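Asker: There's a structure below that I have some questions on.
The values are calculated or read from the model by the stated rules, or taken from the named source; none is laboratory data. All values derive from a computational prediction rather than experimental measurement. Note that each Cβ is placed from the backbone with ideal geometry, even for glycine, and that neighbours are counted across all protein chains shown. Only protein heavy atoms, including side chains, enter the accessible area calculation; ligands, DNA and RNA are left aside. Shrake-Rupley method; radii C 1.70, N 1.55, O 1.52, S 1.80 Å.
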Amino acid sequence: MAILGIDIGGSGIKGAPVDVTQGTLAGERFRVETPQPSDVNRVVAAVAEVAGQFGVAERVGITFPGVVLGGVTRTAANVDKSWLGVPAQDLFAQAVGVPVTLLNDADAAGIAEMRFGAGRGRKGVTVMLTLGTGIGSAIFIDDRLVPNTEFGHIQLDGEDAEEKASAHAREVDKLGWGKWAKHVEEYLREIEKLLNPDLIIIGGGVSKKSEKFLPLIDLRTPVVPAVLLNEAGIIGAALAAAENG
């Protein structure tokens, strides 16, 4: 049976079976819109709908856009506040009928990139940042994850960095690529100052358009786009589920 990865985002919930030995999707992905409001019952039902498209899985890995500790969701910056303090891993397992591994969405994307993507074989400190509805972060020392970091909430000019440098902020504020790149550069300079990384990987849906903004960013630290693009969360979730099996 397949191992399924499901990625919960602020705008969409998408999933697919994953070949965890190759780091690739083993079938066409299926996507539904993230329910609005994105409360517990609606999102659990949407995840069950996605999982149901692929038949019975051996295990399911699921990402969540917030801190996950012991299967409990502890923050909910870009989803409904009803998620705070919820035993979400157990709820998802009941909904899909097989064991579930739940983890932070940026951590999942980072796991995939470190195993099969832009961070493969890298030593030192690698920072994975997902620029989407918000900004997710994953920090690796060599290939070891420091889980549940929240560097999207670093303050820039008195507000969360994701209010200026997320892909959503670019769309809402109707910024051109050049103006938005300056915001991203300002944010990355803060990351550089605080963490002194050896590599920064930019993921999220906007990574497939990296040629429009990454060349405009001047930083000491090498900054590269994610290789697995917007599939990294699905793949990383499945990898985490496979390793917890």
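Asker: Let me know the volume per residue of the alpha-carbon convex hull for segment 5-68, in Å³.
Answerer: Taking the convex hull of the Cα positions in segment 5-68, it is 95 Å³ per residue.
Asker: Mind checking which of G15, A45, F92 is farthest towards the positive end of segment 14-131's charge dipole, using Cβ charges of +1 (Lys, Arg) and -1 (Asp, Glu) about the Cα centre?
Answerer: Final value for the positive-end residue is G15.
Asker: Another question, then. Dimensions of segment 64-213 along principal axes (Cα, Å, largest first)?
Answerer: Principal extents (Cα only, largest first): 47, 36, 27 Å.
Asker: Let me ask you something else. Taking the DSSP beta bridges in the chain as the whole, what percent of them are antiparallel, to the nearest 5?
Answerer: 60 percent
Asker: Let me ask another. If Lys and Arg each add +1 and Asp and Glu each add -1, what is the summed charge of the other residues whose beta carbon sits under 11 Å from the beta carbon of G119?
Answerer: The answer is 0.
Asker: Please list 66-75, 179-188, 126-135 highest first by mean number of surrounding beta-carbon atoms within 10 Å per residue.
Answerer: Going by the mean number of other Cβ atoms within 10 Å, highest first, we get 126-135, 179-188, 66-75.
Asker: Per the 1.4 Å probe, what fraction of the accessible area of segment 47-159, in percent, lies on carbon and sulfur atoms?
Answerer: Here carbon and sulfur together make up 50 percent of the probe-accessible area.
Asker: Compute the long axis of helix 232-243 from its Cα atoms, compare it with the longest principal axis of the Cα atoms of the chain, and write down the angle in degrees, 0 to 90, nearest 10.
Answerer: 50 degrees
Asker: Computed over the Cα atoms of segment 1-156, what is the convex hull's projected area averaged over all directions, in nm²?
Answerer: Orientation-averaged projected area of the Cα hull: 9.0 nm².
Asker: Which GluC sites (Glu not before Pro) from segment 25-62 combine a DSSP loop assignment with at most 11 other Cβ atoms within 10 Å?
Answerer: Answer in residue order: E28.
Asker: If you average 1/r over all unlike Cα pairs in segment 157-245 and invert the result, what Kirkwood radius do you get in angstrom?
Answerer: The answer is 14.2 Å.
Asker: Now for a separate question. For the chain, take the longest principal axis of its alpha carbons; what is the angle in degrees between that and the long axis of helix 177-195, to the nearest 10 within 0 to 90?
Answerer: 80 degrees
Asker: While we're on this one: Enter the Cα centre distance for the pair segment 157-194 and segment 24-78, rounded to the nearest angstrom.
Answerer: Cα centres, segment 157-194 to segment 24-78: 27 Å.
Asker: Still on this model: Across 10 Å bins from 0, what is the distribution of all Cα-Cα pair distances for segment 119-165, in whole percents?
Answerer: Calculated P(r), rounded to whole percents: 27, 44, 25, 3.
Asker: Also, I was wondering about something else. Quick one: net charge around P35, please, counting Lys, Arg +1 and Asp, Glu -1 for every other residue with C-beta under 12 Å from its C-beta.
Answerer: -3
Asker: Here's something else I'd like to know. Given points 7 Å out from each Cα along the Cα-Cβ axis, report the K123 to Q94 separation in nanometres with one decimal.
Answerer: The answer from the label model is 4.8 nm.
Asker: A follow-up question, please. Can you give the convex hull volume of the alpha carbon atoms of segment 46-94 per residue, in Å³?
Answerer: Each residue corresponds to 82 Å³ of Cα convex hull volume.
Asker: Moving on. Give the angle, between 0 and 90 degrees and rounded to the nearest 10, that separates the Cα long axis of helix 40-52 from the longest principal axis of the Cα atoms of the chain.
Answerer: On a 0 to 90 degree scale, this one is about 70.
Asker: Next question, about the same structure. May I have the count of lysine pairs in segment 116-245 with C-alpha atoms under 23 Å apart, counting pairs 8 or more residues apart or located on different chains?
Answerer: Final tally of qualifying lysine pairs is 20.
Asker: In deg cm²/dmol, rounded to 500, what helix-only [θ] at 222 nm does the chain give when every DSSP H run of at least 4 residues adds -39500 (n - 2.57) and the total is split over its residues?
Answerer: Helix contribution divided over all residues of the chain: -9000 deg cm²/dmol.
Asker: Let me ask something else about it. Multiply the residue separation of N196 and D80 by 0.36 nm, subtract the distance between their alpha-carbon atoms, and state the gained length in nm to one decimal.
Answerer: 38.4 nm
Asker: Given H placed on each backbone N at 1.01 Å, which residues far from G119 in sequence or on other chains put an amide H within less than 5 Å of it?
Answerer: M114
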